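What follows is one structure encoded as structure tokens, with my remarks underneath.
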């Protein structure tokens, strides 16, 4: 199932930006020594942000409102759990956000979030969520930890999922492809159906390879694939912010 792009659906926008700049007075030469001393940072203090750069907390504010709440459900285009992105590849997260921004992934809320992101913010957000999986990295088996049913085995072979997502579905051959082992099954199902409805202006996904794969299967078969992949051990998770615990 090449290049199954997990997407970040249905995020409420809650961007918080705050810029404050202070400028020391220089009214006289007599005040200069005191002014210079006051401007010196205390030993061990963190350096101030350069150019009014926003903190990572501000940059991820819109993300954690959905992806920082365990079991949070979106309602468009149907009810499903939003994808787990903590531990996901930063390169994939950037690729997914870029597709929302450019319109090849169509979802009104995600489009508005991604469109507002400068490239640097997008990169910083992706690196932040990737880093959340490093401290508690799971020692995953080299291949899937559960054998599929004969029916699902045939579907997996037809879709050639492991050729991109890896033998255990958690170590893709390229970091621009998503980890999918253990991902929410209802999200995977919605994502697969979106590739089938690539002409849908509100919820479709345009991707030649994934579209060709998904269109080979009935929705019942796509659901069976999603349920199997979701049942596998993976290292994706939801890391709640303190206020959502």
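In terms of its alpha-carbon gyration tensor, the range 93-171 comes out oblate; a/c meets the 1.5 threshold, while b/c is at least as large as a/b. Put the Cα centre of the range 117-151 next to the Cα centre of the range 172-245 and the gap is 14 Å. Distance between the modelled labels on residue 152 and residue 233, one decimal in nanometres: 1.6 nm (7 Å Cα→Cβ projection). Length gained on full extension, residue 58 to residue 216: 52.7 nm, using 0.36 nm per residue less the C-alpha separation.
Evaluated on the range 56-244, the Kirkwood hydrodynamic radius is 16.9 Å, with distances taken between all distinct Cα atoms. By other beta-carbon atoms within 10 Å, ranking 80, 228 with the fewest at the front produces 80, 228.
Rule-based calculations on the coordinates, nothing more; no lab input. As the structure is a computational prediction, the values presented were derived from the model and not from experiment. Cβ: placed from backbone, ideal geometry, glycine included. Neighbour counts: every protein chain shown.
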